[in-house]
Structures are given as C-alpha cells and as structure tokens.
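Colleague: Below you'll find the structure I mean.
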Amino acid sequence: MACVELKNINKTFGNIEIIPSVNLRVEDGEFVVFVGPSGCGKSTLLRLIAGLEDPTAGDIEIAGKVVTDLSPKERGVGMVFQSYALYPHMSVYENIAFGLKLDKANKGRVREWVEKTAEVLQLTSLLQRKPRELSGGQRQRVAIGRAMAREPQIMLFDEPLSNLDASLRVQMRTEIAKLHDRLQSTMIYVTHDQVEAMTLADKIVVLNGGHIEQVGTPYELYETPASLFVAGFIGSPKMNLIPASIKSTNPGRSVDVDVCGMGTVTVERDASHMADGAAMTVGLRPEHIRLSVSGPDSGLEVVNVEYLGNEAYVYLEMPGMDDLVVVRESVPCQIRAGQRVALDADPERLHVFDADGHSLPRVQPQGEDDSVQQAASN
Ligand SMILES: Nc1ncnc2c1ncn2[C@@H]1O[C@H](COP(=O)(O)OP(=O)(O)OP(=O)(O)O)[C@@H](O)[C@H]1O
Ligand SMILES: [Mg+2]
C-alpha cells in the first residue's frame, strides 16, 4: 500500500505563505496530475512529499505512516525534477544504473535493466555519452530512467516532458502511461500540458494560489467545473466566459439568463440565492457554439479565422469582454474574417457561474423527479 496523504499542509517561505492548508489523499496506484498557473505551488507540494522541503505545519503520510520527519531516502519516493541534475562525470549508462548500483544488484541484472530502460526511453545509442553531450530532451529522458531504476512505490514527476519536441512528447506520454500500468506505482505528475493532464490522470488536482480549487476525474473537471477558475483552466482552447445577467428565476427549477450576443436562454439551474438582474458568467466551450452568418448590422464581428488542417478556430469580438470568443468549426470552414455572425448553443451545454465564480447547482428535470416518485410509490 503506497497511498499518500497530505493533512493540513501549510508552507511558508520567510513570511510569505505559499500553501495555506492543503488536504489531499492519493490512493495506492493512482495517477494524479497537479495543474495550475505558474507559481501556484505545484513543485513545492511535490518537494514536500519527497521530503526535500519541510512543511511549516501539517503532516504527510505514506502508506498510512507519518513520514513528515523522515529523510527523502527513507520515504521510498523517486522524483524527476523540473530542473533535473544528472551526474556530469558519469555516462548515460552510469547515470541510469546509479540507483541500481547502490542497491548492490548484480552486474548482469544491472546491464539488462539499463538496456531495457534505454530502449524504452530511446537512449540506446547514447549510453556511453556524458550529459554535456546530450540535448535537453535527451537529458530529461536519462533523468526519468534514473528515477525508474529503483522501481519506487511512489514516483513524482515535475514537468518531465517539458523539454521534448512535440512528437517525442507524444511517444513519451504513452511510455509513461505504460510504465504506470507495468509498475502499478502511485504517480504524482505536474504538467502545464492539457493533453498530458487529461490523458494520463486518474484524478486531476487543480491548484490556484496554493489551495486546491477542485479534484476530480478529467471527465468531471471538463464537464462540471465547480468554479470559473477551473472552467477557464481545463480545456484548450479555453472555455469562453461570457458576461450575462439573470432575467428571472424559477427557484429550484430553472433560470432565464440574458447572455451577451445570444439573447435569453433558459437553463435548468438553481439560482434561488440570486436576485433578478444580478450579474453572472456563462461558460461555453469552443466546440459547443454554433455560428450562423447574420446581416451586416447584426451579430458579432469575426476578427480572425485560424485554419489548423483538421479544424478551424473562429475568433469573435464580444462587447464587454477583453478576450475574444473562440469557436471550433469543422473544415472546410465557410466563415471569413469581417463577416458578422450569430451565436447559438444547446442550453444544456451552458455552464453558469454566480458573481463569486461558483457553478450554479444543476436541478433535476421535473419529469425525472415525478418518475422517481412514481417508481417509489409503485
Ligand atoms: N525556496 C523558496 N524560497 C522562497 N520562495 C519560494 C521558494 N520556492 C518556491 N518559492 C515560491 O513559492 C511559490 C510556488 O513555487 P512553485 O515552484 O511551487 O510553483 P509552481 O506551481 O511549481 O510553478 P511553475 O509552474 O512555474 O513551475 C512561488 O511564488 C515561488 O516563488
Ligand atoms: Mg514548478
């Protein structure tokens, strides 16, 4: 069992509080990804788990045992750093074998293991080189190999693929997924890459200013972000966050929302705590907006169309919004810059947030309530 538990973790550098209080449980064998803006505390949390930093308050448990006062070595954790340091005087082979040698494993087994690892990481032809003779991406792969050497129960990765080119990154992503399947070790992985987060994670932890905004499966975070912050953070291109206001509420049932550029939309959300006229925000993913060409004096102006080959992004100017609205269109795309367009979307695709940025709770459709009651009374 190698679950990891953070209990009321607080971290202060000097008099600056970086992490106010984090509580998190990572299950045995789980692949957890930390995401969040630069400086939000992702690396600090990993370093705390590894034992490279001491928490100012709180406890860290590994496999049910408090490890807060244990040294990194005693924690059974392997880590690949954001700025990884290889031993400069050692070859790639020796760097990868380093962990194994310390374990005094026999020579034949070390060779077999290093060769297998080098093959997985595409380093076979580089085994005799020194780190200074490698590219940044090659060094990063050696660092991953070295962390894999002990097959630790817990592996921590801090943006391990950030120096790789796009195609190697895709290959390595698959290799890391395979590695996780094979080792069944608990993995905590920091990345700025949306695709890595969505594809690798069992569970994503979204961090903002040292606190946890939301924890959930990739599906949960994409489909039901709990806050504006998560809504804007998960997904690429970003979810459009459009100013709106409440026209009228039907408490516990639905709310009529005036959405800039779309008119009035009825959504099945509970806005009973909000007054008519209250400002709010509607979130719409780029793939959920439908565009139709409108008259020259109506609708929104298309300022740019980006052709990506497999799809196109259409950018619109929306009054009251700093960001442009982005819409994903299939190709060939008939819409051109300078045209005016109208927006439309299925009401169930709308994400609705109150003035504090909290998602409005969904309500059960009336029909479902009735059928549940009917089933219960039968
Ligand atoms: N040793 C330190 N002393 C003082 N401040 C620190 C120290 N280490 C980190 N910080 C500060 O703590 C905050 C969190 O840093 P951290 O490295 O955890 O961010 P991050 O989320 O990993 O960011 P990035 O995505 O840029 O890597 C930052 O404001 C950073 O300046
Ligand atoms: Mg970092």
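Colleague: Could you work out how far helix 136-148 tilts from the main Cα principal axis of the chain, as a 0 to 90 degree angle to the nearest 10?
Modeller: 70
Colleague: Any idea which of 84, 283, 4 is furthest toward the positive side of the dipole for the chain, if Lys and Arg beta-carbons carry +1 and Asp and Glu beta-carbons -1?
Modeller: 84
Colleague: When the dipole is taken about the Cα centre of region 4-223, and only Lys, Arg (+1) and Asp, Glu (-1) are charged at their Cβ, what size is it in debye, to the nearest 20?
Modeller: Numbers: 26 positive and 29 negative charges, 220 e Å.
About 1060 debye.
Colleague: Percent relative contact order of the chain, based on C-alpha pairs within less than 8 angstrom and at least six residues apart?
Modeller: Reported as a whole number, the value is 14 percent.
Colleague: With every protein chain present, what is the per residue accessible area of the chain (1.4 Å probe, Å²)? Numbers along the way, then the final one.
Modeller: Working: 18310 Å² over 378 residues.
Accessible area per residue, the chain: 48 Å².
Colleague: Could you please report the charge total around residue 327, scoring K, R as +1 and D, E as -1 over all other residues with beta-carbon less than 10 angstrom from its beta-carbon?
Modeller: Values: positive: 285, 290, 328; negative: 287, 329.
After counting each charged neighbour, the total is +1.
Colleague: Let me ask something additional. Near residue 48, within a Cβ-to-Cβ distance under 13 Å, what is the net charge of the other residues, with Lys and Arg +1 and Asp and Glu -1?
Modeller: On the way: positive: 7, 11, 42, 47, 75; negative: 5, 53, 54, 59, 61, 69, 158.
My count for the surroundings of residue 48 gives -2.
Colleague: Can you spot the lysines whose alpha carbon is less than 20 Å from residue 178's alpha carbon? Ignore those fewer than 8 places along the same chain.
Modeller: Output for residue 178: 116, 203.
Colleague: What's the local net charge at residue 306, with K and R +1, D and E -1, over the other residues with C-beta under 14 Å away?
Modeller: Details: positive: 328, 336; negative: 311, 329.
Net charge in that neighbourhood comes out at 0.
Colleague: How do 227, 83 rank by accessible surface area computed with a 1.4 Å probe, from largest to smallest?
Modeller: Values: 227 15, 83 95 Å².
Greatest to least solvent exposure: 83, 227.
Colleague: Okay, moving on. Take the cross-link list 11/42; 7/65; 11/238 and give me the ones stretching past 21 Å between alpha-carbons. Kindly include the intermediate steps, with their values, before the conclusion.
Modeller: On the way: 11/42 12 Å; 7/65 12 Å; 11/238 31 Å.
Where the Cα-Cα span goes over 21 Å, the pairs concerned are 11/238.
Colleague: Using the C-alpha atoms of region 218-283, what convex hull volume per residue, in cubic angstrom, is computed? Each step should come with its number before you reach the end.
Modeller: Numbers: hull volume 5.9 nm³, N = 66.
Per-residue hull volume (Cα only) is 89 Å³.
Colleague: Counting only helical runs of four or more DSSP H residues, what would the 222 nm mean residue ellipticity of the chain come to if each run contributes -39,500 (n - 2.57) and the total is spread over all its residues?
Modeller: On the way: 9 runs with 96 residues, N = 378.
Per the formula, -7500 deg cm²/dmol.
Colleague: May I pose another question? Rounded to the nearest 10 degrees, what's the angle between the helix 166-183 long axis and the longest principal axis of the chain, both from Cα atoms, 0 to 90?
Modeller: Computed tilt is about 70 degrees.
Colleague: Using only Cα atoms, figure out Rg for region 270-361 and give it as a multiple of 2.2 N^0.38 Å. Intermediate values should be presented prior to the final figure.
Modeller: Values: Rg = 15.0 Å, N = 92, 2.2 N^0.38 = 12.3 Å.
Region 270-361 yields a ratio of 1.23.
Colleague: Treating the Cα atoms of region 33-147 as identical point scatterers in vacuum, please give the log10 of the normalised Debye intensity I(q)/I(0) at q = 0.16, 0.19, 0.22, 0.23 Å⁻¹, two decimals.
Modeller: Rounded to two decimals, the profile gives -0.86, -1.04, -1.16, -1.21.
Colleague: From the convex hull of the Cα coordinates of the chain, what is the mean projected area in square nanometres? Don't skip to the answer; put the middle values down first.
Modeller: Details: hull surface 102.3 nm².
Computed as one quarter of the Cα hull surface, the answer is 25.6 nm².
Colleague: How large a share of the accessible area of the chain, in percent, is made up of carbon and sulfur atoms when the probe is 1.4 Å and the other protein chains stay in place? Before the final figure, lay out the partial values.
Modeller: Details: 8760 of 18310 Å².
It is 48 percent, rounded to a whole number.
Colleague: Could you tell me what a quarter of the Cα convex hull surface of region 122-165 works out to, in nm² with one decimal place? Present the calculation step by step, with values, prior to reporting the outcome.
Modeller: Details: hull surface 14.0 nm².
Dividing the Cα hull surface by four gives the mean projection, 3.5 nm².
Colleague: Given the convex hull over the Cα atoms of region 216-327, what projected area results after averaging over all orientations, in nm²? Kindly include the intermediate steps, with their values, before the conclusion.
Modeller: On the way: hull surface 33.6 nm².
If you wrap the Cα atoms of region 216-327 in a convex hull and average its projections, you get 8.4 nm².
Colleague: Given the C-alpha atoms of region 4-223, compute the convex hull and give its volume per residue in Å³.
Modeller: Working: hull volume 27.6 nm³, N = 220.
Here the figure is 125 Å³ per residue.
Colleague: If you don't mind, another one. Compute the helix-to-body angle for 92-102: its Cα long axis versus the longest principal axis of the chain, expressed 0 to 90° and rounded to tens.
Modeller: That works out to roughly 70 degrees.
The values are calculated or read from the model by the stated rules, or taken from the named source; none is laboratory data. From a predicted model like this one, the values you see are computed outputs, not experimental measurements. For neighbour counting, all protein chains shown are included, and Cβ atoms are generated from backbone atoms with ideal geometry for every residue, glycine included. Calculation scope for accessible area: heavy atoms of the full protein, side chains included, ligands and nucleic acids excluded. Shrake-Rupley method; radii C 1.70, N 1.55, O 1.52, S 1.80 Å.
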